[in-house]
Amino acid sequence: MVATPSKPDVSQSTQQKVNGTGRRETILTPRFYTTDFEAMANMDIFDLKPDYEAILEEFKFDYNRRHFVRTSDFNQNWDHIDPKVREHFRVFLEGSCTSEFSGFLLYKEIAVKIKDKNPLMAEIFSLMSRDEARHAGFLNKAMPDFDLQLDLSTLSKTKKYVYFAPKFIFYATYLSEKIGYWRYIKIHQHFLAHPEYRIYPIFNFFENWCQDESRHGDFCSLLLRSEKNNIKGIRANLWSKFFLLSVFATMYLNDICVRNEFYESIGMDTRKYVDEVLRETNRDAAKAFPVIMDLDNPKFWTCLKKCEENNAKLTKIDESNAPEWMKKIQKLPYLANNGLQFLTMYLQPSIPAPKGVVL
């Protein structure tokens, strides 16, 4: 859920419609997910039922039920924004909206499929889908301000769905929600210090927005704790490390290779921002995962830097006029090296999370 689609054609002057078929899919493109609903419905949550009930009451309170309302600040023309910044912001809006909508579809389907066997868990998922739909809808309403439309109904039918087992959904969603929290709060803090860079009023909503992300992450942590083999043992360590690395590498490559110019245009130091978000998310993960990444190991950042260089070369190959078959051959050494860098990071020693730490 932390991903960005490829850049749209900046030469288009009319409103651009995005239906999920007009974009080149990449490893960084937001994915839509499905899972084993029967296995999720049969989860035994009896021992943690009081915790589930407490989280349900938290969701029912719906702190942001009156928050995501377009104010009069939106009622103006945004053509004065620099064309380059405007284009980067369009990409930011599209990627964020797609990710939020993906979460809505997954959580809603889980709620529907498990409501008979596991009504308590189903109700929480339903309320999570409410939040994600609210986020996606709010972002979608901003798109016409930048001559962009995202057809969500068509998108849900045209996107390919990726199957994840329930525990993998929990690992990935926990990290997606927590990294979303730190992304939004860091941007919010930046604009508090530098309001002159707040180019669009949607940023005024980020402080409350990130609280939704944090609550969603807390629920996913509870889901992980419901089955001990998710958080204890060698397999739990290996899977935790895998998802941490996958999410961290995706954000790094997304922001450094794709969104860098956008962050720079709003006065942020992209590398400092990425470093801070990854470190804060890593510290948060110690509350849910049995191990976390060693981000003080310089080899970790050296490997990411090499992936960044490889991706730049892959982009040049994509943009060349070479035949497709030749592009595939030219890409092989860089793709292989990316795999090597990922393996190198994965094999680096992890840090055991303090025992007894829970959200």
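The values are calculated or read from the model by the stated rules, or taken from the named source; none is laboratory data. No experiment lies behind these values; they were computed from the predicted model shown. Glycine also receives a Cβ, built like all others from the backbone with ideal geometry; neighbour counts cover every protein chain displayed. Accessible surface is based on the protein model in full, side chains and every heavy atom, while ligands, DNA and RNA are left aside. Shrake-Rupley method; radii C 1.70, N 1.55, O 1.52, S 1.80 Å.
Numbers at a glance
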| read-out | value |
| --- | --- |
| Test: residue in segment 188-200 that is open to solvent by 50 Å² or more (accessible area, probe 1.4 Å), over 22 Å from GLU53 (Cα atoms) and within 21 Å of the chain's Cα centre (by Cα) | yes |
| Within segment 267-318, considering residues that are among the charged types (D, E, K, R) and in a loop (DSSP other than H, G, I, E, B), the one farthest from ASN254 (Cα to Cα) | LYS287 |
| PHE205 assigned to a helix (DSSP H, G or I) and open to solvent by less than 10 Å² (accessible area, probe 1.4 Å) | no |
| Yes/no for ASN204 being more than 30 Å from SER126 (Cβ to Cβ) and out of contact with any helix residue (DSSP H, G or I) (no Cβ under 6 Å at 6 or more places or on another chain) | no |
| Residue within segment 156-168 that is open to solvent by 10 Å² or more (accessible area, probe 1.4 Å) and of a type in the set (Val, Ile, Thr) present | yes |
| Yes/no for SER153 being under 30 Å from ILE81 (Cα atoms) and open to solvent by 30 Å² or more (accessible area, probe 1.4 Å) | yes |
| Counted residues, segment 324-359 - those being open to solvent by less than 80 Å² (accessible area, probe 1.4 Å), at pLDDT 95 or above and either β-branched (Val, Ile, Thr) or assigned to a loop (DSSP other than H, G, I, E, B) (or both) | 4 |
| Qualifying residue in segment 39-58 (condition: free of Cβ contacts under 8 Å to residues at least 12 places away in the same chain, part of a helix (DSSP H, G or I) and of a type in the set (A, V, I, L, M)) | yes |
| Complete set of residues in segment 114-129 that are surrounded by fewer than 19 Cβ atoms within 10 Å (Cβ to Cβ) and of a type outside the set (Gly, Ala, Ser) | LYS115, ASP116, LYS117, PRO119, LEU120, GLU123 |
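Table: residues versus (1) part of a helix (DSSP H, G or I); (2) within 20 Å of VAL277 (Cα to Cα); (3) touching a residue at least 24 places away in the same chain (Cβ under 8 Å); (4) touching a Lys or Arg at 6+ places or on another chain (Cβ under 9 Å).
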{"site": "LYS167", "(1), (2), (3), (4)": "yes, no, yes, no"}
{"site": "ALA172", "(1), (2), (3), (4)": "yes, yes, yes, no"}
{"site": "TYR184", "(1), (2), (3), (4)": "yes, yes, yes, no"}
{"site": "LEU192", "(1), (2), (3), (4)": "yes, yes, no, no"}
{"site": "ASP212", "(1), (2), (3), (4)": "yes, yes, yes, yes"}
{"site": "HIS216", "(1), (2), (3), (4)": "yes, yes, yes, yes"}
{"site": "LEU223", "(1), (2), (3), (4)": "yes, no, yes, yes"}
{"site": "ASN237", "(1), (2), (3), (4)": "yes, no, yes, no"}
{"site": "LEU244", "(1), (2), (3), (4)": "yes, yes, yes, no"}
